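A quick write-up on the structure given underneath.
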Amino acid sequence: MPAMHIYFCFSVKTISPTYKLRTSLFLTYLFFSVQLINAQNTGSLNGFVKDARTGEPLIGATVSLGDSGLGAVTDVDGFYQINDIPTTTYQVTAAYLGYTPDNRFNVIIRSVGNPALNFELQEAVEQLDEVVISASSREDMVTPLSSQTLSAVEIATYPGGNNDIAKVVQSLPGVAGSVGGFRNDIIIRGGAPNENVYYLDGIEIPNINHFSTQGSAGGPVGLINVSFIEQVDLSTSAFDARYDNPLSGVVQFDQRIGDTRKFKTNLRVSASETALTLEGPLFRAGRENSPTTFIVSARRSYLQFLFKVIGLPILPDYWDYQYKINHKIDEYNELSLIGVGSIDNFSVNELDEFDAEQQSTLEQVPIIKQWSTTSGLSWKRRLKNGNGSMRTSLSTNILNNRFERYRNNVNQTDLYFSNDSRERETKFRHEQTRYWGDWIVSAGLVLQQAGYTNVTTNEVTGNRFDSSINFWRYGLFVQSSRSVLDNRLDISLGLRSDANSFTGQKQQLLSTLSPRLALSYALEPGKRWRLNASIGRYYKIPPYTMLGYQDNQGVLLNKGTRYIKSDHLVAGLEYRVSSSARITLEGFYKKYDDYPVSVLDQVSLANKGGDFEVLGSEAVISKGEGRTYGLEFLFQQQYTRNFYGILAYTFFRSEFSADGSNYLPSLWDSRHLLTFTGGYKFNRNWEASLRYRYSGPSPYVPVNEEATLANYPAVILDYSRLGTLRLEAFNQADIRIDKKWNFKKAALDVYLEFQNAFNQNLPSEPQYGLDRDENGELISPAALVEIRQDNSSLLPIIGFVLDF
């Protein structure tokens, strides 16, 4: 069904212009009036400096703060601490003889609440002409292109991001959101939103959003707490063989550990939610740095209360939690226990006054009761001889999804669609990394037990089933990398194979062999110019919603579906303008085979999964094909002289075929993506930032008005007309102003944000409802009419972050 344009933020399009104006003026006054508070002007910074290859502490390494003259030298544990630092923003550099210096940009120093800043330095290679260059890291060799990294500061201060990591990722090259920008779907280089995988400290998390679309991963609000994150890495091709199931992207969230010395509290309050994070040492017993730390958080929304008072038809209610306990057993062994979960309840509110748009939303939105949890235990062991490491993890994840549609949503009567399902996975992962001469070799295996149950009733199609499947999945992988030609050419080779005990595909380990090769060549000794290329084959098992689908006779119709295949070819040029700036240009081509095709709609399922629905719970055939291709340009300036920014442009095509011959533009074929995100830091800890996004006209699936009238409030789409209609182009600018205050025992960051600052009318699919008179009474005979929509609201948001 068309998107319902649900805004999970303070101000929504249905609020009157007078109310929005008053709200904006009040928030602006409140924001600027806080300046009257007195401030404290110094803070401290600490962390560890280690060898990136062996993990050994580097004794006597220097850590300096730009040209401030402040710095420190590491002790026997590789630990440093710098005190009495003026509270502002710095470039922090760690250096050690024989190693390449590591620069960190945009490091904000507060009076309290500064997280540890840890470094892992790469050994340097000195040429005869005394030009010193670094040996590439394993990650750089495996994925030399199509990758981006975001720091916690960049995520927290992104305008329009609302501390939501998924929304921030949508501003990166080649990445788009759903049509109209109303959801957190991550659409990479024209691929479907269910083609990405997500890892938290090396443990896979299937769901990163509240109210997530089962079978996909998108939703309106992210559930990862930014206060936990050290950095986020996004790969859009050249995937490491250790990751199973990616077709378009891998998002790796690296969490920090809790403070080893003192207890800290972080309170974040925004217009829609409040989050509390606690961290500190455990069992310190008089030691300077505790070997055991914790960090834990809980977050609660209050949109449901606000929306009820305002009189809106939707009541989104959600909780989430996150934790990490880290224990350093000894110099070589470390244990981590992590977890993340959510509780979601999406209901409706009876309207006090009739409004055609709100009435159709009230009638058509689903009722959702959903919870998810992921927990994992990870053991990392470093070999005493420094020639490698080992990582073993055991994890489990559950998604419980009760998704219902009623003909009377207010009273929840006359049920016409119900999906009551549970997905469960238990995973064992083991990986070994060894250094053999100049080769870095990683190999491992993944074993997981999967279970899925689903009780579905669909009165529109007449389908009813009670399904339960349990099966094993397993995979093997190896990745090897090295540098040659005086460290100017990096080579990485990978191979992976996956299989399962459920689908009928024969010789799975052979048929899913996925080789990959990545090359990176420095065109001159200083490595400022690099030519990069990669080629690879990747596979993804169909979602459990698809594998567990049954007909009315209890037959599992999709047991014969095959792994979806995608072949990637990428080449690009990178130029390092300076240590803080770079330019990249990349061309990419992705070819899909064995994509599931809907038997009912005769369309590739690549065109589904970007709305509130259950993706894949229908009969399919593995005969679809697809292709996406295009060019990407990126200019990135990290924080230098008070300015930082990212400018990215992507031109691409995204086409899929249900029969292998007739290629049609997919729903994600907007052709043009342009994003700019940047900011400037003024004196006295003021900061202003801007995000601008443009997306070309996107195709949409029109509504079958005759079928919808006969089945209302069920909305029936006419997929036979896919590719014939497009929305207007999307463009939106978000502006944010931050002001930080530092006190003796607390630090306060207050921000004021204006989303859609220039009041652009955001594109949206046509919305339909039953014809009613001005009092909301149905007109006879019944008729379906298009509802007029106004999506041009400016959304003011105020929030604060308090550390103490």
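Within the range 149-164, the residues that satisfy the criterion of being within 24 Å of S237 (Cα to Cα), of a type outside the set (S, T, N, Q) and open to solvent by 10 Å² or more (accessible area, probe 1.4 Å) are A152, E154, D164.
Residue under question is L415, and the condition is that it be at negative phi, under 33 Å from the mean Cα position of the chain (by Cα) and either surrounded by 17 or more Cβ atoms within 10 Å (Cβ to Cβ) or of a type in the set (A, V, I, L, M, F, W, C) (or both); does it hold? Considered against the rule, which asks whether it is at negative phi, under 33 Å from the mean Cα position of the chain (by Cα) and either surrounded by 17 or more Cβ atoms within 10 Å (Cβ to Cβ) or of a type in the set (A, V, I, L, M, F, W, C) (or both), L415 comes out as no. In the range 269-293, the residue that is surrounded by the most Cβ atoms within 10 Å (Cβ to Cβ) out of those that are in a strand (DSSP E or B) and among the small types (G, A, S) is A275.
From the list S497, S520, which one is part of a strand (DSSP E or B) and either over 30 Å from T396 (Cβ atoms) or touching a residue at least 24 places away in the same chain (Cβ under 8 Å) (or both)? Matching residue, one of S497, S520: S520.
Filtering A714, A648, A747, A688 for residues that are under 25 Å from I187 (Cα atoms) and in contact (Cβ under 8 Å) with a residue 40 or more places away in the chain leaves a single hit, A648. Just the residues that are in a helix (DSSP H, G or I) and not polar (S, T, N, Q), please, taken from the range 344-359. A356, E357, listed by residue number. Of all residues in the range 648-665, those being among the hydroxyl-bearing types (S, T, Y) and open to solvent by 30 Å² or more (accessible area, probe 1.4 Å) number 3. Looking only at residues of the range 727-750 that are part of a strand (DSSP E or B) and farther than 22 Å from G678 by Cβ, we find that the one that is most open to solvent (accessible area, probe 1.4 Å) is L748. All of R242, R300 fail the test of being touching a Phe, Trp or Tyr at 6+ places or on another chain (Cβ under 8 Å) and crowded, with 17+ Cβ neighbours inside 10 Å, apart from R242. Checked against the criterion of being assigned to a helix (DSSP H, G or I), free of Cβ contacts under 8 Å to residues at least 60 places away in the same chain and in contact with a Ser or Thr (Cβ under 8 Å, 6 or more places away or on another chain), the candidates L509, L531 yield just one match: L509.
For the range 751-795, what are the residues that are among the aliphatic types (A, V, I, L, M), assigned to a loop (DSSP other than H, G, I, E, B) and within 11 Å of Q732 (Cβ to Cβ)? Residues satisfying the conditions are A757, L762, L794.
Restricting to the range 455-497, and then to whatever is in contact with a helix residue (DSSP H, G or I) (Cβ under 7 Å, 6 or more places away or on another chain) and farther than 14 Å from M141 by Cβ, can you tell me which residue is surrounded by the most Cβ atoms within 10 Å (Cβ to Cβ)? So, considering only residues that are in contact with a helix residue (DSSP H, G or I) (Cβ under 7 Å, 6 or more places away or on another chain) and farther than 14 Å from M141 by Cβ, the one surrounded by the most Cβ atoms within 10 Å (Cβ to Cβ) is S497.
In the range 72-101, of all residues being open to solvent by 60 Å² or more (accessible area, probe 1.4 Å) and of a type in the set (V, I, T), the one that is modelled with the highest pLDDT corresponds to V73. Taking the criterion of being of a type outside the set (A, V, I, L, M, F, W, C), more than 26 Å from A275 (Cβ to Cβ) and either open to solvent by less than 20 Å² (accessible area, probe 1.4 Å) or not in a strand (DSSP E or B) (or both), the residues of the range 307-343 that qualify are G311, P313, D330, E331, Y332.
Would you confirm whether or not the range 254-267 contains a residue that is of a type in the set (G, A, S), over 19 Å from G47 (Cβ atoms), in contact with a strand residue (DSSP E or B) (Cβ under 7 Å, 6 or more places away or on another chain) and touching a residue at least 60 places away in the same chain (Cβ under 8 Å)? Among the residues of the range 254-267, not one is of a type in the set (G, A, S), over 19 Å from G47 (Cβ atoms), in contact with a strand residue (DSSP E or B) (Cβ under 7 Å, 6 or more places away or on another chain) and touching a residue at least 60 places away in the same chain (Cβ under 8 Å), which makes the answer no. The single condition from (1) of a type in the set (A, V, I, L, M, F, W, C); (2) in contact with a Phe, Trp or Tyr (Cβ under 9 Å, 6 or more places away or on another chain); (3) surrounded by fewer than 23 Cβ atoms within 10 Å (Cβ to Cβ); (4) closer than 30 Å to A658 by Cβ that L573 fails is (4). The listed residues are L557, L531, and the only one of them that is touching an Asp or Glu at 6+ places or on another chain (Cβ under 7 Å), at negative phi, surrounded by fewer than 19 Cβ atoms within 10 Å (Cβ to Cβ) and modelled with pLDDT of 95 or more turns out to be L557.
Looking at the structure I just gave you, is Y595 over 28 Å from F417 (Cα atoms), in contact with a Ser or Thr (Cβ under 9 Å, 6 or more places away or on another chain) and either open to solvent by less than 10 Å² (accessible area, probe 1.4 Å) or part of a strand (DSSP E or B) (or both)? Taking the combined requirement at face value, the residue does not satisfy it. Taken together, L172, L247, L223, L234 contain a single residue that is of a type in the set (A, V, I, L, M), modelled with pLDDT of 95 or more and over 27 Å from L45 (Cα atoms), which is L247. Here P366 fulfils each of the conditions (1) farther than 19 Å from P313 by Cα; (2) at pLDDT 95 or above; (3) open to solvent by less than 60 Å² (accessible area, probe 1.4 Å); (4) not acidic (D, E) apart from (1).
The one condition from (1) at pLDDT 95 or above; (2) touching a helix residue (DSSP H, G or I) at 6+ places or on another chain (Cβ under 9 Å); (3) of a type outside the set (A, V, I, L, M, F, W, C) that H672 does not meet is (2).
The residue list K565, K623, K590 contains one member that is basic (K, R), assigned to a strand (DSSP E or B) and open to solvent by less than 20 Å² (accessible area, probe 1.4 Å), which is K590.
For E404, indicate whether it is acidic (D, E), within 28 Å of T512 (Cα to Cα), open to solvent by less than 80 Å² (accessible area, probe 1.4 Å) and not in a loop (DSSP other than H, G, I, E, B). So E404 does not fit the description; no. Return the residue satisfying two criteria in turn: it lies in the range 424-448 and is open to solvent by 60 Å² or more (accessible area, probe 1.4 Å) and either in contact with a Phe, Trp or Tyr (Cβ under 6 Å, 6 or more places away or on another chain) or basic (K, R) (or both), and of such residues it is farthest from L489 (Cα to Cα). The selected residue is R424. The listed residues are I329, I310, and the only one of them that is in contact with a Leu (Cβ under 8 Å, 6 or more places away or on another chain) and hydrophobic (A, V, I, L, M, F, W, C) turns out to be I329.
The values are calculated or read from the model by the stated rules, or taken from the named source; none is laboratory data. All values reported here derive from a predicted model rather than from experimental measurement. Using ideal geometry, Cβ is built from the backbone for each residue, glycine included, and neighbour counts are taken over all protein chains shown. The area values use the complete protein model at the heavy-atom level, side chains included, leaving out ligands, DNA and RNA. Shrake-Rupley method; radii C 1.70, N 1.55, O 1.52, S 1.80 Å.
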